[in-house]
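> Take a look at the following structure, please.
The values are calculated or read from the model by the stated rules, or taken from the named source; none is laboratory data. These figures come from a predicted structure and were not determined experimentally. Neighbour counts run over all protein chains shown; Cβ positions are idealised from the backbone, glycine included.
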Amino acid sequence: MSLLVAERLTRVFPQPRGAPLRAVDGVSFSVAAGEIVGLLGPNGAGKTTTIRMLAGLLRPTEGRALIDGIDVQRHPRRARRRLGYLSTTSGLPPRLTVREVLETFAAIQGAPREAADRAIAEFRLGDFADRLVGQLSTGMLQRARIACAAVHEPPVLILDEPTAGLDVLSAHELMQHVRDARAAGRAVLFSTHVLAEADEVCDRIAIIAGGRLRAAGTPAELKALAGEDDLTRAFLALVGTG
């Protein structure tokens, strides 16, 4: 069952001079329960615009986004209760403890207070639960941010470049949490520029370039399509730069 669906998503931005910018043009893909799908593309490809439409933060010019069968634009509150979203810019209050932040996020999402304790255990934040957010290392802060996105146990997770800026060990630990989410039956969509990371953990990959979906399939299928045995070379070929 597809828990996250992009259906012909299109976003056009008016320009002060010249023709409107078609940032995303008819993009369609889905993510099933218990599946990790990577969203790959060069800078300016339309990945973040696509993610923002899926998360209900940006209205599509055409098409629609569904979260657990709920139309994001028609029923935004219901859809967002079924979604855990981590953006590249979302921050946490530095003067609150990790526990206080998780309790706040749980309350906002209508989850019981004990949801914060569950998230602390799941994301191994026990040693840092009573530390101020502003005192966390980069890796621990990112772990806390994902815990906040998942504190209400949503069936869908959207993670925009979750390992950006992390060292190798922190990135490895974080991607284990992504695998755990898949094992729990969640649908996970995440964007990344680290192709080795996508090759290792993704069940399927969607490649966007120039606002359009260029290819989608398993890592092995994409390599075969491009006639390459390496995902980086296959990616370059499929976006037209190889």
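> Looking at the stretch 194-239, which of its residues are surrounded by 15 or more Cβ atoms within 10 Å (Cβ to Cβ), more than 22 Å from L4 (Cβ to Cβ), of a type in the set (G, A, S) and free of Cβ contacts under 8 Å to residues at least 24 places away in the same chain?
Of everything in the stretch 194-239, those that are surrounded by 15 or more Cβ atoms within 10 Å (Cβ to Cβ), more than 22 Å from L4 (Cβ to Cβ), of a type in the set (G, A, S) and free of Cβ contacts under 8 Å to residues at least 24 places away in the same chain turn out to be A226, A234, A237.
> Okay, moving on. Which one of P76, P94 is outside the structural domain of L213 (by TED's automatic domain parsing) and over 23 Å from V239 (Cβ atoms)?
On inspection, the qualifying residue turns out to be P94.
> Continuing with this model, one more query. Which pairs do you get when a residue that is without any contact (Cβ under 8 Å) to a residue 40 or more places away in the chain, found in the stretch 82-105, comes within reach of a residue that is in a strand (DSSP E or B), reach meaning Cβ atoms under 6 angstrom, with the pair 6+ apart or on two chains?
The qualifying pairs are T97/L132.
> Is it fair to say R131 is at pLDDT 95 or above, in contact with a helix residue (DSSP H, G or I) (Cβ under 7 Å, 6 or more places away or on another chain) and more than 24 Å from T50 (Cα to Cα)?
yes
> Name, by its number, the condition in (1) surrounded by fewer than 19 Cβ atoms within 10 Å (Cβ to Cβ); (2) under 17 Å from G84 (Cβ atoms) that does not hold for R124.
It fails just one condition, (2).
> Considering each residue of the stretch 141-177, count those that are free of Cβ contacts under 8 Å to residues at least 24 places away in the same chain and closer than 18 Å to R118 by Cα, and give that number.
Going through the stretch 141-177 one residue at a time, the tally reaches 1.
> Can you tell me which of (1) in a helix (DSSP H, G or I); (2) at pLDDT below 95; (3) basic (K, R); (4) touching a helix residue (DSSP H, G or I) at 6+ places or on another chain (Cβ under 8 Å) is the one R99 doesn't meet?
Result: R99 passes all but (2).
Residue-by-condition table, conditions (1) farther than 27 Å from V5 by Cα; (2) part of a strand (DSSP E or B):
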site: A119; (1), (2): no, no
site: R124; (1), (2): yes, no
site: A147; (1), (2): no, no
site: L157; (1), (2): no, yes
site: P162; (1), (2): no, no
site: G165; (1), (2): yes, no
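> Identify, from the list G110, G34, the residue that is surrounded by fewer than 17 Cβ atoms within 10 Å (Cβ to Cβ), assigned by TED's automatic domain parsing to the domain that holds R182, in contact with a helix residue (DSSP H, G or I) (Cβ under 8 Å, 6 or more places away or on another chain) and in contact (Cβ under 8 Å) with a residue 24 or more places away in the chain.
Unique residue meeting the criteria: G34.
> Now for a different question. Go through the stretch 178-204 and report how many residues are aromatic (F, W, Y) and within 14 Å of P155 (Cβ to Cβ).
Number of matching residues: 0.
> Sticking with this one: From the list R52, R11, which residue is surrounded by 14 or more Cβ atoms within 10 Å (Cβ to Cβ) and under 14 Å from the mean Cα position of the chain (by Cα)?
Within the list R52, R11, the selection yields R52.
> Hand me the list of strands (runs of 3 or more DSSP E) wholly inside the stretch 1-70 holding 2 or more residues that are more than 22 Å from A234 (Cα to Cα).
Because the criterion is at least 2 residues that are more than 22 Å from A234 (Cα to Cα), the strands (runs of 3 or more DSSP E) in the stretch 1-70 that meet it are 2-13, 21-32, 62-67.
> Right, another one. Would you check which residues across the stretch 196-230 are closer than 23 Å to T89 by Cβ, assigned to a helix (DSSP H, G or I) and either touching a Ser or Thr at 6+ places or on another chain (Cβ under 6 Å) or of a type in the set (A, V, I, L, M) (or both) and list them?
Of everything in the stretch 196-230, just one residue is closer than 23 Å to T89 by Cβ, assigned to a helix (DSSP H, G or I) and either touching a Ser or Thr at 6+ places or on another chain (Cβ under 6 Å) or of a type in the set (A, V, I, L, M) (or both), namely A198.
> On to the next question. With (1) among the polar types (S, T, N, Q); (2) farther than 27 Å from Q109 by Cβ; (3) out of contact with any helix residue (DSSP H, G or I) (no Cβ under 8 Å at 6 or more places or on another chain) as the list, and Q176 as the residue in question, which single condition is left unmet?
All conditions are met except number (2).
> Here is a follow-up. Against the condition acidic (D, E), closer than 24 Å to A224 by Cβ, outside the structural domain of A111 (by TED's automatic domain parsing) and touching a Pro at 6+ places or on another chain (Cβ under 8 Å), how does D199 come out, does it pass?
Answer is yes for this residue.
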